[in-house]
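Following: one structure in structure tokens, then a few remarks.
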Amino acid sequence: MLAKLRAATFEVLETMFFLFPEGLEEDELMPARGPFLCSWVSIIGPQSLRLGMIVPESLARKMAANFLGISEPEVKQPELEDILKETTNMMAGSFLSKLEASSAFQLQTPHARWLSPGEEKPKGPAKRLRFDVDEELLELFVERES
Amino acid sequence: MAYNVLIVDDSAVMRALIRKVLVISGFDIGQYFEGANGLEALAILENNWVDIILSDLHMPEMNGAALVKELNKHEVWRNIPVVLITTEARPEIINPFLELGVRDYIQKPFRPETIKQKLTGILGEGMATDAGQIESCDF
């Protein structure tokens with residue numbers, strides 16, 4: 001499952017953002033400075049999941065600039081959240097396609113919010129993937145949704 | 001011949017991206033119209049001539065499925081080609097739309113040339129042919 005999610009991540013970042021992520025090992029350190037933005041989307045089905053992403057503002061700004069074809073200072077704050085929601089949505093859609101999941105699995109509306117200091121640190125039983133994207137940390141998580 | 005395009009997506013940034021991609025693809029665009037959901041799209045159609053609709057699936061108020069059903073009820077609007085731009089490409093989800101008369105779909109993430117190829121196939125002549133123009137454009 002994580003291999004499919006990794007492939008979906010590469011596909012979305014490369015195609016829509018011209019960014020080329022490198023996977024990080026679990027114990028590999030990658031400094032990251034906040035504030036951090038988190039977006040997530042629920043996948044409702046026989047086994048409901050939540051797929052999400054955490055990135056520092058600097059990476060969100062770079063992604064938005066690449067996505068919209070504008071310079072980083074031109075990116076407006078609400079666009080950061082919108083872009084990240086779209087990204088998570090695309091990753092989830094690509095992930096479901098790669099899994100060949102049945103239509104019983106339905107994507108829900110994506111959400112985004114800024115994290116409080118320290119909230120970005122991993123906790124809970126979620127499965128995580130970490131990437132180095134232009135020397136910035138991008139973290140994905142997948143967790144069961146009750 | 002210039003074509004009038006209606007983009008229907010609840011994400012403003014996605015509408016902006018699609019519009020930008022259309023521009024760099026070299027389409028002869030007449031007018032752009034944008035709606036955040038099916039209801040807004042229908043309101044635009046009441047007062048404007050549209051040659052092609054690019055629509056998302058999941059939208060609040062009126063989603064893509066409801067929009068296509070409303071278009072099919074109308075004597076004129078039923079002839080406007082609709083292309084879905086969606087994160088969902090699973091056959092179980094897409095096939096019912098194709099059966100409803102949706103011309104084609106484009107899965108996000110997409111490349112500019114994909115949009116160009118699809119629309120060229122549907123609208124035919126009048127498209128720019130310089131593929132290098134797309135490849136070199138940093139949108």
Notebook entry, point to check: residue B:15 versus (1) within 13 Å of another protein chain (Cβ to nearest Cβ); (2) in contact (Cβ under 8 Å) with a residue 40 or more places away in the chain: which is the lone unmet condition?
Noted result: (2)
Checklist line | Residue match in segment B:63-81 (condition: in a loop (DSSP other than H, G, I, E, B) and of a type in the set (A, V, I, L, M)) | finding: yes
Checklist line | Residue that is within 14 Å of the chain's Cα centre (by Cα) and under 28 Å from residue A:19 (Cβ atoms), where the choices are B:6, B:67, B:57 | finding: B:57
Notebook entry, point to check: Of A:64, A:92, which residue is assigned to a helix (DSSP H, G or I), closer than 21 Å to residue A:33 by Cα, within 9 Å of another protein chain (Cβ to nearest Cβ) and in contact with a helix residue (DSSP H, G or I) (Cβ under 9 Å, 6 or more places away or on another chain)?
Noted result: A:64
Check: Given the conditions (1) part of a helix (DSSP H, G or I); (2) touching a Pro at 6+ places or on another chain (Cβ under 8 Å), and given that residue B:53 satisfies all but one, which numbered condition is not satisfied?
Finding: (1)
Note to self: Out of everything in segment A:103-112 that is touching a residue at least 12 places away in the same chain (Cβ under 8 Å) and surrounded by 13 or more Cβ atoms within 10 Å (Cβ to Cβ), what residue ends up being farthest from residue B:10 (Cα to Cα)?
What the structure shows: A:105
Check: What are the pairs, 6+ residues apart or on separate chains, where a residue within segment A:1-13 that is within 13 Å of residue A:93 (Cβ to Cβ) has its Cβ under 8 Å from a residue that is surrounded by fewer than 18 Cβ atoms within 10 Å (Cβ to Cβ) and among the aliphatic types (A, V, I, L, M)?
Finding: A:4/A:99
Next item on the list: Run residue B:20 past the list (1) within 17 Å of residue B:108 (Cα to Cα); (2) touching a residue at least 12 places away in the same chain (Cβ under 8 Å); (3) open to solvent by less than 60 Å² (accessible area, probe 1.4 Å) and report the number of the one that doesn't hold.
Entry: (3)
Check: Can we say residue A:146 is open to solvent by less than 70 Å² (accessible area, probe 1.4 Å) and either more than 14 Å from every other protein chain (Cβ to nearest Cβ) or touching a Ser or Thr at 6+ places or on another chain (Cβ under 7 Å) (or both)?
Finding: no
Item checked: Residues located in segment B:81-128, provided they are within 14 Å of chain A (Cβ to nearest Cβ), under 19 Å from residue B:66 (Cβ atoms) and open to solvent by less than 30 Å² (accessible area, probe 1.4 Å) -> B:84, B:85, B:86, B:87, B:88, B:93, B:94, B:97
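Here is a check on your reading of the model: is residue B:97 in contact (Cβ under 8 Å) with a residue 24 or more places away in the chain, within 30 Å of residue A:10 (Cβ to Cβ) and assigned to a helix (DSSP H, G or I)?
Working: in contact (Cβ under 8 Å) with a residue 24 or more places away in the chain: yes; within 30 Å of residue A:10 (Cβ to Cβ): yes; assigned to a helix (DSSP H, G or I): yes.
Spelling it out, residue B:97 is indeed in contact (Cβ under 8 Å) with a residue 24 or more places away in the chain, within 30 Å of residue A:10 (Cβ to Cβ) and assigned to a helix (DSSP H, G or I).
The values are calculated or read from the model by the stated rules, or taken from the named source; none is laboratory data. These numbers were taken from a predicted model, which means no experiment stands behind them. When we count neighbours, we look across all protein chains shown, and the Cβ atoms used for this are built from the backbone with ideal geometry, even at glycine. Ligands, DNA and RNA are stripped out before the accessible areas are found, and what is left, the full protein with its side chains, is counted by its heavy atoms. Shrake-Rupley method; radii C 1.70, N 1.55, O 1.52, S 1.80 Å.
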